[in-house]
Amino acid sequence: MESYKILIKRSAVRELAEIPRKDLEKIVRRVRDLEQDPRPFGCRKLSGKDKYRLRQGDHRIVYAVDDSRRIVEVYKIGNRREVYRD
């Protein structure tokens with residue numbers, strides 16, 4: 001099976017810089033795992049949007065999947081209390 005390409009928005013990269021180092025490694029691993037399985041066990045589709053969220057401890061990864069182009073685009077990465085605010 002061909003893997004998906006991961007695209008991370010600049011804003012999400014900036015959010016990564018604010019995450020404590022102990023959590024950062026696990027979050028990066030979860031994002032990399034999306035290359036092989038863009039809808040892993042535990043991911044949830046956000047209501048009213050074509051986006052998904054993935055939990056990693058107290059943090060959330062919000063992303064969209066484009067199956068036709070085989071791309072996973074990461075929009076937000078942050079604490080669960082703040083990640084859903086637009």
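Can you tell me which residue within segment 39-64, out of those that are of a type in the set (A, V, I, L, M, F, W, C) and within 10 Å of the chain's Cα centre (by Cα), is nearest to Pro20 (Cα to Cα)?
Ile61
Testing Ile19 on (1) touching a Lys or Arg at 6+ places or on another chain (Cβ under 7 Å); (2) at pLDDT below 95, one condition comes back false. Which one is that?
(1)
Can you spot a residue in segment 2-24 that is of a type in the set (Gly, Ala, Ser), surrounded by 18 or more Cβ atoms within 10 Å (Cβ to Cβ), under 10 Å from the mean Cα position of the chain (by Cα) and not in a strand (DSSP E or B)?
Among the residues of segment 2-24, at least one is of a type in the set (Gly, Ala, Ser), surrounded by 18 or more Cβ atoms within 10 Å (Cβ to Cβ), under 10 Å from the mean Cα position of the chain (by Cα) and not in a strand (DSSP E or B), which makes the answer yes.
Please find, within segment 59-81, the residue that is nearest to Ala12 (Cα to Cα) out of those that are among the charged types (D, E, K, R) and loosely packed, with under 12 Cβ neighbours inside 10 Å.
Checking each candidate, the answer is Arg81.
From the list Gln56, Gln36, exactly one residue is within 26 Å of Glu2 (Cα to Cα), in contact with a helix residue (DSSP H, G or I) (Cβ under 8 Å, 6 or more places away or on another chain) and in contact (Cβ under 8 Å) with a residue 12 or more places away in the chain. Which is it?
Gln56
The values are calculated or read from the model by the stated rules, or taken from the named source; none is laboratory data. Fair warning: this is a prediction, and the values are worked out from it, not measured in the lab. Quick reminder, even Gly has a Cβ in these numbers, built from the backbone with ideal geometry, and neighbours come from all protein chains shown.
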